[in-house]
1. Which of the trypsin sites (Lys or Arg not before Pro) found in the stretch 222-286 are loop residues per DSSP with 11 or fewer other Cβ atoms within 10 Å of their Cβ?
2. Listing S147, S88 from the residue with the fewest other Cβ atoms within 10 Å to the one with the most, what is the order?
3. Name all residues of the stretch 37-63 having a backbone nitrogen under 13 Å from the label point set 7 Å from the Cα of D122 along its Cα→Cβ direction, giving them as ranges.
4. Taking only Cα atoms and a 10 Å spring cutoff, compute GNM fluctuations for the chain and point out the largest among K164, K136, K42.
5. Sum up the charges of everything whose Cβ sits under 11 Å from the Cβ of L44, counting Lys and Arg as +1 and Asp and Glu as -1, but leave L44 out.
6. Between their Cα atoms, which of K78/K139; K187/K284; K52/K106 are more than 24 Å away from each other?
7. As I understand it, the value is the acute angle between the Cα axis of helix 58-70 and the longest principal axis of the Cα atoms of the chain; what does it come to in degrees, rounded to 10?
8. Give me the extension gain from F183 to N274: residue separation times 0.36 nm, minus the current Cα-Cα distance, reported in nm with one decimal.
Amino acid sequence: MKQQIILFTFLSIISSSYGQLKCDSFYFRKAIEFQGNNKFDKALELYNKQIKVCPDFSEAYINRAVCYFNLDKIDKGKESFNAAILHSKDKPTTLSQIAGFYFTGKFYDTAFDIYKSILTIDSTYSEAYFKMGRCKWLKRLQELKSSHQDYDYTTDKVFVSFLKDEILGYYKKAIYFDSVQNFAKYKSRNEMEVFRDMNTNYEYYYFRAVVKQNFNDFKGALQDYESSLVIHVTISTYYWAAYTAKKVGENEKACEYIQRWAHTMSILRDEQYNPIQKVEIADKFCKELNIKK
């Protein structure tokens, strides 16, 4: 199970990480540089030195595990993950980081079990519920694609009989606990703050909308896309909000959302269409709905 996954995210939390606030993280920072350049053996040496200096440096154990996986030393990688949990001062966060490794590698069953274990420690951990739903959804898609057959979500017996409701149940819990924790924050921000605030859980609503949309619940999907936009604006959410609004006959709203999609540009320049093409698509969309922009 060779996974070319580099956990760069840990670089941004050195100063505030719970396990090593009083530790010199010199070796850790240098190890990340080597790891980022695929020099896993050199990175391992430095992570080991960091762990000797600071035995509770849980991120060092996690990144060391990733290096082992990249070197096909699977057992050592698992041992290092277990050591990270053992030494962690915040086990839900550490477990979530480890589960994220497996999730990114598309090992959804393993990731699901780890996310589920978080709830035995903290039953209000919203991300665990959300990612459990994502694991179940993506695992089933993985199975359907591997069958090399055309498939329709609405006729898939597994989805229809139980899995769709199970997934929506996980999302419902994730949204509930996130709302309990962040409702006041979300309601207090202005439009620009909503756009800029990256530290949100807008994806809880967005991916629940995706499930509803795929099962033709366009009204429910539109509500979730709109809730997602209240928490954080993304270009793709504008597009799908326009699509689902059109499906339920809310043409004015559909035109408004497609125009917002057209006039919001990605900083990363990673969109399928250039700005001129987007405007043309949006104008045509509104014209077909007999809406004057």
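1. Listed in order of number, the matching sites are R269.
2. Ranked by crowding around the Cβ, least crowded first: S147, S88.
3. What the label zone holds, given the 13 Å backbone N cut-off, is no residue at all.
4. For the chain, modelled as a Gaussian network with Cα springs under 10 Å, the answer is K42.
5. +4
6. K187/K284; K52/K106, as the Cα separations exceed 24 Å there.
7. 80 degrees
8. 29.2 nm
Coordinate-derived values only; no laboratory data. A quick note: this is a predicted structure, and the numbers were derived from the prediction, not measured. With ideal geometry, Cβ positions are generated from the backbone for all residues, glycine too; neighbour counts draw on all protein chains shown.
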